[in-house]
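*Asks:* Sharing a structure below in structure tokens format, with a few things to ask.
The values are calculated or read from the model by the stated rules, or taken from the named source; none is laboratory data. Being a predicted model, the structure only gives us computed values, none of them experimental. Neighbour counts are summed over all protein chains in view; Cβ atoms, including those assigned to glycine, are modelled from backbone coordinates with ideal geometry.
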Amino acid sequence: MADPQEVLSQRVRSALGAAFGADYAGTDPVIRPSQFADYQANAALALAKRLGRKPRDVASDIVAHLDVEDVCREVEISGPGFVNLTLRDDWIADRAGELLVDERRGAPLQPRQNIPIDYSAPNVAKEMHVGHLRTTVVGDALARTLEFLGHNVIRQNHIGDWGTPFGMLIEHLLEAGEDSDEAALLKTDPNAFYQAARVKFDGEGDFADRARRRVVALQSGDAETLRLWRELVDLSTVYFNRIYAKLGVTLTDDDLAGESTYNDMLGPICDELVEKGIAEVSEGALCVFLDGFTGREGRPVPLIVRKSDGGYGYGSTDLATIKYRAGELKADRVLYVIGAPQHLHLQMVYETARKAGWLPESTVPIHVQIGNVLGEDGKILRTRSGAPIRLMALLDEAIERAAKVVAETRPDLDDEARAAIAREVGIGAVKYADLSVSHDSEYVFDFDRMLALNGNTGPYLQYAAARIRSIFRKGGLDPADAKGPITLTEPAERALALTLLGFGPVVAQVGETLEPHRLCAYLFDLAQAFTSFYEHCPVLKAEDTAVRDSRLALTAATLHVLVQGLDLLGVAAPERM
Ligand code: ARG
């Protein structure tokens, strides 16, 4: 066990049991990082009331029964009754040494849960926008982290592949020709294809009629219409996959589970809701009204499951997603990585599903709310002309800007090597910017800031990893061979080693809170702890071989943790930078 907080919790809990009886062994020892020691146990303050005694006396009873000699160098009571705990240097050193051989770098393997994650969800024949970028990047980091923690992650890319626009899109595809350049646009610039279809739809009367008839044919399962629809979806999938490849996102075609997947469930879902008395017809639409969901002037907000024209919307498809994920996928947790404005909608979906008996208590649905990405004007990011940003162009610009940085920092490398670094740094910067702020807050998209080599940025962490690799290259050494033993004498060594022990706990915390920015903050701390260590403690030039081996081991452990952490975020760690 490498997590100091957890080890100290266990020890203090035993002390509580020994001092005050078995009833107290379950009490939270309230271990917190401390200004005056490494940690403090604050349990005495709460317990004093329960025991009717002075907190300081309770604290001294705890200390009298505390068995931490192997872990702590110093135990001291301070203030009204805090127990200050200072770890032994050799204990920290040994735990840090274990990280070198532990492939998990201290991260726990948790009891396996089934966790479907709904993320990315772009729309067929439409450009992906920065909102899709963020749900893709955050969802992928969560998928990677939860998988690493031992869970059965089921990626669900809920693409928008159904609905009335497909009538017009299919007619446009037919007119342009399936092998035409126009059709090929779907793979590169889907909005151009969509807009051309739209113009025809709004213009020529005849086209619009054909488009409407085509919707009916699609819904009634006409074979030729379905074939053309499939063609549209496949061409769009090529576009999505190009974006995913550029981003280094783990989604594949096997993860596609678009809106159309649920078509056969929608009718029965409506019927069942009516039968169970959960849904009712209001102004022609089939609606669910739930207590406590009211809008302006206290008017009830409906979850519309079938529109008055007979069409289905997100209300019914999302009910289908949760029914399927809870019922068929046996989900323990279901993650919806979707825009924050959808919060009310999802709450209504969950509650309706609970009422209908589709969502057992054992399944926990969670909305991972995604905040907006803004332009410098504080509005949703758009191009100067007001058009939505083309995601591919945005990513290419990031790579181009990174290339300029790399041209300055690494004039010694050839073009190909520099281009490879620029790709990793440019994409890493964009992804890290999405991940390093809490996922539900808005942030301003700013190339200069995300590409900066200083501060909590992707490139800063990538540079930290690359610099460590260069230390080993310079010494003609392989980080895998650095085995220690670690001995801690300098304060900067001790601080770095203690920070290293925080990796496992923070990964577990991300798995629980579903907040990747916590891992970012941790990795930033780690890189800073390494920088200060490297400033104060010569590594390759250390005079004493034992000191050199110890510092090389600390350096290697830092690299392992950094690389593993970046991998969980989906950010590449370049060999050189
Ligand atoms: N395709 C939708 C959009 O682009 C997002 C769908 C989100 N997922 C879901 N299960 N509702 O706006």
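*Asks:* Among the residues of the range 328-335, is there at least one that is within 12 Å of the ligand (Cβ to nearest atom), part of a strand (DSSP E or B) and either hydroxyl-bearing (Ser, Thr, Tyr) or at pLDDT 95 or above (or both)?
*Replies:* Scanning the range 328-335 turns up at least one residue that is within 12 Å of the ligand (Cβ to nearest atom), part of a strand (DSSP E or B) and either hydroxyl-bearing (Ser, Thr, Tyr) or at pLDDT 95 or above (or both).
*Asks:* Now for a separate question. Just to check your reading of the model, which residue among LEU142, LEU109 is out of contact with any His (no Cβ under 7 Å at 6 or more places or on another chain), in a loop (DSSP other than H, G, I, E, B) and either without any contact (Cβ under 8 Å) to a residue 60 or more places away in the chain or more than 12 Å from the ligand (Cβ to nearest atom) (or both)?
*Replies:* LEU109
*Asks:* Does SER120 count as out of contact with any Cys (no Cβ under 9 Å at 6 or more places or on another chain) and away from the ligand (no atom under 16 Å from the Cβ)? Let's see the steps before the verdict.
*Replies:* On the way: out of contact with any Cys (no Cβ under 9 Å at 6 or more places or on another chain): yes; away from the ligand (no atom under 16 Å from the Cβ): no.
No.
*Asks:* Sort out which residues of the range 145-168 are part of a loop (DSSP other than H, G, I, E, B) and either within 11 Å of the ligand (Cβ to nearest atom) or under 30 Å from VAL216 (Cα atoms) (or both), and write them in order of number.
*Replies:* Within the range 145-168, HIS158, ILE159, ASP161, TRP162, GLY163, THR164 meet the criteria.
*Asks:* Filter the range 298-316 down to residues that are touching a His at 6+ places or on another chain (Cβ under 8 Å) and not in a strand (DSSP E or B), then give me how many there are.
*Replies:* Qualifying residue count for the region: 2.
*Asks:* Give just the number: which of (1) under 17 Å from ASP448 (Cβ atoms); (2) assigned by TED's automatic domain parsing to the domain that holds GLY327 does GLU397 not satisfy?
*Replies:* (2)
*Asks:* Let me ask you something else. Going residue by residue through the range 550-560, is there one that turns out to be under 21 Å from ALA433 (Cβ atoms), touching a residue at least 24 places away in the same chain (Cβ under 8 Å) and out of contact with any Asp or Glu (no Cβ under 7 Å at 6 or more places or on another chain)?
*Replies:* No, there is no match, as no residue in the range 550-560 is under 21 Å from ALA433 (Cβ atoms), touching a residue at least 24 places away in the same chain (Cβ under 8 Å) and out of contact with any Asp or Glu (no Cβ under 7 Å at 6 or more places or on another chain).
*Asks:* Take the residues of the range 171-201 that are out of contact with any helix residue (DSSP H, G or I) (no Cβ under 8 Å at 6 or more places or on another chain) and in contact (Cβ under 8 Å) with a residue 60 or more places away in the chain: which is surrounded by the most Cβ atoms within 10 Å (Cβ to Cβ)?
*Replies:* The extreme case among them is ASN191.
*Asks:* Quick one: would you say TRP91 is within 16 Å of the ligand (Cβ to nearest atom), farther than 30 Å from LYS49 by Cα and either among the acidic types (Asp, Glu) or outside any strand (DSSP E or B) (or both)?
*Replies:* Answer is no for this residue.
*Asks:* Moving to a separate point now. Within the range 391-408, can one find any residue that is modelled with pLDDT under 90 and in a strand (DSSP E or B)?
*Replies:* The answer is no, given that none of the residues of the range 391-408 is modelled with pLDDT under 90 and in a strand (DSSP E or B).
*Asks:* Out of curiosity, is ALA353 touching a strand residue (DSSP E or B) at 6+ places or on another chain (Cβ under 9 Å), assigned by TED's automatic domain parsing to the domain that holds ALA279 and within 16 Å of the ligand (Cβ to nearest atom)? Before you say what the answer is, go through the steps one by one.
*Replies:* Working: touching a strand residue (DSSP E or B) at 6+ places or on another chain (Cβ under 9 Å): yes; assigned by TED's automatic domain parsing to the domain that holds ALA279: yes; within 16 Å of the ligand (Cβ to nearest atom): yes.
So ALA353 passes the test.
*Asks:* Failed condition for GLN10, given (1) touching a residue at least 12 places away in the same chain (Cβ under 8 Å); (2) closer than 30 Å to ARG494 by Cα; (3) assigned to a helix (DSSP H, G or I), with all others met?
*Replies:* The failed condition is (1).
*Asks:* Please enumerate the residues belonging to the range 434-451 that are touching a helix residue (DSSP H, G or I) at 6+ places or on another chain (Cβ under 7 Å) and under 15 Å from VAL405 (Cβ atoms).
*Replies:* PHE447, MET450, LEU451
*Asks:* Quick one: ASP67 ticks every box in (1) under 30 Å from ALA482 (Cα atoms); (2) out of contact with any Leu (no Cβ under 6 Å at 6 or more places or on another chain); (3) not assigned by TED's automatic domain parsing to the domain that holds THR321 bar one, so which box is it?
*Replies:* ASP67 satisfies all of (1) under 30 Å from ALA482 (Cα atoms); (2) out of contact with any Leu (no Cβ under 6 Å at 6 or more places or on another chain); (3) not assigned by TED's automatic domain parsing to the domain that holds THR321 except (1).
*Asks:* Regarding THR145, is this residue in contact with a Phe, Trp or Tyr (Cβ under 7 Å, 6 or more places away or on another chain), in the same structural domain as ARG333 (by TED's automatic domain parsing), of a type in the set (S, T, N, Q) and within 30 Å of LEU394 (Cβ to Cβ)?
*Replies:* no
*Asks:* Which ones in the range 372-405 are among the acidic types (Asp, Glu) and closer than 21 Å to THR457 by Cβ?
*Replies:* Within the range 372-405, GLU376, ASP396, GLU397, GLU400 meet the criteria.
*Asks:* Quick one: in the range 273-284, of everything that is within 37 Å of the chain's Cα centre (by Cα) and more than 10 Å from PRO302 (Cα to Cα), which residue is surrounded by the fewest Cβ atoms within 10 Å (Cβ to Cβ)? Walk me through how you get there before you give the answer.
*Replies:* We begin by selecting, within the range 273-284, every residue within 37 Å of the chain's Cα centre (by Cα); these are 273, 278-279.
Next, only the ones that are more than 10 Å from PRO302 (Cα to Cα) stay: 273, 278.
Numbers: LEU273: 23, ILE278: 19.
My answer is ILE278.
Residue-by-condition table, conditions (1) assigned to a helix (DSSP H, G or I); (2) in contact with a Cys (Cβ under 9 Å, 6 or more places away or on another chain):
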| position | (1), (2) |
| --- | --- |
| SER532 | yes, no |
| PRO538 | no, no |
| LYS541 | no, no |
| ARG551 | yes, yes |
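*Asks:* Ok, one more. Could you count how many residues in the range 18-54 are part of a helix (DSSP H, G or I), in contact with a helix residue (DSSP H, G or I) (Cβ under 6 Å, 6 or more places away or on another chain) and under 16 Å from VAL68 (Cβ atoms)?
*Replies:* 2
*Asks:* For the range 446-455, enumerate the residues that are touching a residue at least 12 places away in the same chain (Cβ under 8 Å) and either surrounded by 20 or more Cβ atoms within 10 Å (Cβ to Cβ) or of a type in the set (A, V, I, L, M, F, W, C) (or both).
*Replies:* PHE447, MET450, LEU451, LEU453
*Asks:* Could you list, in sequence order, all residues of the range 250-301 that are of a type in the set (A, V, I, L, M, F, W, C) and within 16 Å of the ligand (Cβ to nearest atom)?
*Replies:* Going residue by residue through the range 250-301, those that are of a type in the set (A, V, I, L, M, F, W, C) are 251, 256-257, 265-266, 269-270, 273-274, 278-279, 281, 285-290, 293, 301.
Listed by number, the residues that qualify are LEU251, LEU256, ALA257, MET265, LEU266, ILE269.
*Asks:* Among (1) surrounded by fewer than 17 Cβ atoms within 10 Å (Cβ to Cβ); (2) within 11 Å of the ligand (Cβ to nearest atom); (3) more than 24 Å from LEU146 (Cβ to Cβ), which single condition is LEU319 missing?
*Replies:* It is condition (1) that LEU319 fails.
*Asks:* While we're on this one: Under 6 Å between Cβ atoms, which residue pairs at least 6 apart in sequence (or on different chains) link something in the range 113-133 that is under 25 Å from ARG230 (Cβ atoms) with a partner that is modelled with pLDDT of 95 or more and of a type in the set (D, E, K, R)?
*Replies:* Correct list of pairs: PRO116/ARG325; VAL124/ASP161.
*Asks:* Determine whether GLY310 is within 14 Å of the ligand (Cβ to nearest atom) and either free of Cβ contacts under 8 Å to residues at least 60 places away in the same chain or over 31 Å from the mean Cα position of the chain (by Cα) (or both).
*Replies:* When the stated conditions are applied, GLY310 does not pass them.
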